[in-house]
Amino acid sequence: MPLPDTMFCAQQIHIPPELPDILKQFTKAAIRTQPADVLQWSAGYFSALSRGDPLPVKDRLEMPVATQKTDTGLTQGLLKVLHKQCSHKQYVELVDLEQKWKNLCLPIEKFRALLQLDSCENKIEWIKFLALGCSMLGGSLTTAMKHLCEILTADPEGGPARIPFETFAYVYHYLASLDPDFSSEEVDTYLTTLKGIIETRKNGMIGLSDFFFGKRSI
């Protein structure tokens, strides 16, 4: 005769006091991030939580990016998540970056396609990878720089999206160097003109309204 299943009463079950809040925050994060693969994302979420690392969570719910030439799954919000997770290092290991990419349920073939734009072996400068990601979101250098400013800025959403001119110039020069439509002379002339405008200010910051000055779109 089989033994009856063990019975427990409510008084016998110990629920860790922090569990309800952990589950509540996890649920809110999942709703805000809308991962394509909840199990894959959850593994990354709790792994980051256990290590005290930045979580793979969007700041807010967002709509898909309509300007992408193809549906890559990548959005400005997801790039911002990666920035929060990786920007504390100047260089990031590709193995670690690939895992973070997977945890956000992004197609691995798109990750590899990005790296083909600027070949590297074991690691990449984070600001360059971020720039490549921004270029994937839109079809022009102008659009890529707009995304970059909106990700890096400390201004509130909808504001001027200002970032240091040195950062802007570094990324602009980098992305333009990967585009055969831009000559180095053209890039240098544009950045020199823009620098003259920025130097009239005390903060050395550039916003969205500035970098369209004298800029041709592609």
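The values are calculated or read from the model by the stated rules, or taken from the named source; none is laboratory data. Owing to the predicted nature of the structure, the values given are computational and were not obtained by experimental measurement. Positions of Cβ are generated from backbone atoms using ideal geometry, with glycine treated the same way; all protein chains shown enter the neighbour counts. Accessible surface areas use protein heavy atoms only, side chains included; no ligands, DNA or RNA. Shrake-Rupley method; radii C 1.70, N 1.55, O 1.52, S 1.80 Å.
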Practice task
Kindly indicate whether any position in the range 151-162 is farther than 30 Å from Leu39 by Cβ and open to solvent by less than 20 Å² (accessible area, probe 1.4 Å).
Solution key: yes
Completion exercise
When Leu39 is run through (1) within 28 Å of Gln25 (Cβ to Cβ); (2) part of a helix (DSSP H, G or I); (3) in contact (Cβ under 8 Å) with a residue 12 or more places away in the chain; (4) of a type in the set (A, V, I, L, M), the failure sits at (3)
Exercise for the section: Note down all Cβ pairs under 7 Å where the first residue falls in the range 163-179 and is modelled with pLDDT under 95, the second is surrounded by fewer than 15 Cβ atoms within 10 Å (Cβ to Cβ) and assigned to a strand (DSSP E or B), and they're at least six residues apart or on different chains. Expected result: none
Fill in the blank from the handout: Expected single match for over 29 Å from Val95 (Cβ atoms), of a type outside the set (Gly, Ala, Ser), surrounded by 19 or more Cβ atoms within 10 Å (Cβ to Cβ) and out of contact with any strand residue (DSSP E or B) (no Cβ under 7 Å at 6 or more places or on another chain) among Lys195, Lys146 is Lys146
Problem - Selection count where residues are part of a helix (DSSP H, G or I) and charged (D, E, K, R), scope the range 179-194 - result: 3
Fill in the blank from the handout: Considering only helices (runs of 4 or more DSSP H) wholly within the range 65-122, the ones with at least 2 residues that are at pLDDT below 95, surrounded by fewer than 19 Cβ atoms within 10 Å (Cβ to Cβ) and among the aliphatic types (A, V, I, L, M) are 108-116
Practice task
Inspect the range 131-143 for any residue being in a loop (DSSP other than H, G, I, E, B) and open to solvent by 30 Å² or more (accessible area, probe 1.4 Å) and give the result as yes or no.
Solution key: yes
Fill in the blank from the handout: Of Ile127, Ile197, the only residue that is of a type outside the set (Gly, Ala, Ser), in a helix (DSSP H, G or I) and under 18 Å from Lys84 (Cα atoms) is Ile127
Exercise for the section: Show the residue pairs that are 6+ apart or on different chains and have beta-carbon atoms under 7 Å apart, the first residue being within the range 97-110 and of a type in the set (S, T, N, Q), the second being open to solvent by less than 40 Å² (accessible area, probe 1.4 Å) and in a helix (DSSP H, G or I). Expected result: Asn103/Trp41; Asn103/Gly44
Completion exercise
Given the conditions (1) outside any loop (DSSP other than H, G, I, E, B); (2) closer than 18 Å to Gln99 by Cα; (3) acidic (Asp, Glu), every one holds for Asp53 apart from (1)
